[in-house]
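Encoded as structure tokens, the structure appears first; notes follow it.
The values are calculated or read from the model by the stated rules, or taken from the named source; none is laboratory data. The model shown is predicted, which means the values in this text are computed figures rather than measured ones. Virtual Cβ from ideal backbone geometry, glycine too; neighbours counted across all protein chains shown. All accessible areas refer to the heavy atoms of the entire protein, side chains included, with ligands and DNA or RNA removed. Shrake-Rupley method; radii C 1.70, N 1.55, O 1.52, S 1.80 Å.
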Amino acid sequence: FDHAHIDNQPTDVAALSRLGDEGVLLLLADSTNAEVPGSILPERGVGIELRRQFASAPGRVIVTCFSSHIHRVQQVLDAARHDGRVVALVGRSLLRNTSLAINMGYLRVPSEVLVNIKAIDEYPDDELVVVTTGSQGEPLSGLRRMAYGDHQNVTIKPPDTVVFSSRIVPGNELAVNETINRLMRA
């Protein structure tokens, strides 16, 4: 559990404990790399690193993360605004999830930060962030298509910075490494 949660609503451990007292015997939860001992840094640390990456990137920044990780998308939006960049979203699931999150009030979009992917050529490279699906090397994802030179709006070029803002799900190592290799070639 992240006890310094990004939305200031950490997991209510006391409520979970009360459920145990009421007879619930088992809590099933899923977490990538849960079998690895220890703990990870709080989610807030990701935002700090994103700001550092954006500030030092000489050109466009392309960030890939899980489309369902709304807190991560929020941190990308906030870091982009902080660095004076605009953000374009790529991927059907990312567009769908962010739209839902905005409508439900879970995602706060700073004014004039989001731009349409078709308008990215109107912005200098050092003022642009592209958030895309494909952190796990999925064959039809935005990042994979970019890596293979098949994306209709984004072509990887020097000095783009690509940030994988997720851990590799066990079993996806080959697909992710193949995507990284293609990105390096591009």
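The table below gives the values:
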{"item": "Exposure rank, largest accessible area first [122, 138; 1.4 Å]", "result": "122, 138"}
{"item": "Per residue value of the accessible surface for the stretch 19-144 (all protein chains in place, 1.4 Å probe), Å²", "result": "58 Å²"}
{"item": "Packing-based ranking, highest mean first, of 70-82, 171-183 given that Cβ atoms within 10 Å are counted", "result": "70-82, 171-183"}
{"item": "Taking N as its residue count, the alpha carbon Rg of the stretch 28-186 over 2.2 N^0.38 Å", "result": "1.01"}
{"item": "GNM result for the chain, Cα springs below 10 Å: residue of 59, 105, 137 fluctuating most strongly", "result": "105"}
{"item": "Binned Cα-Cα distances of the stretch 106-152, short to long, each 10 Å bin given as a whole percent", "result": "22, 43, 32, 3"}
{"item": "Rounded percent of accessible protein surface that carbon and sulfur make up, the chain, 1.4 Å probe", "result": "53 percent"}
{"item": "Magnitude of the charge dipole, the stretch 1-118, Cβ model with Lys/Arg +1 and Asp/Glu -1, debye to 20", "result": "760 debye"}
{"item": "The chain, relative contact order in percent, only Cα pairs under 8 angstrom and at least six apart counted", "result": "25 percent"}
{"item": "Stretch gain in nm, segment residue 153-residue 48, where the contour uses 0.36 nm per residue and the Cα spacing is subtracted", "result": "35.0 nm"}
{"item": "Under 14 Å, Cβ to Cβ, from residue 176 - net charge with Lys/Arg +1 and Asp/Glu -1", "result": "0"}
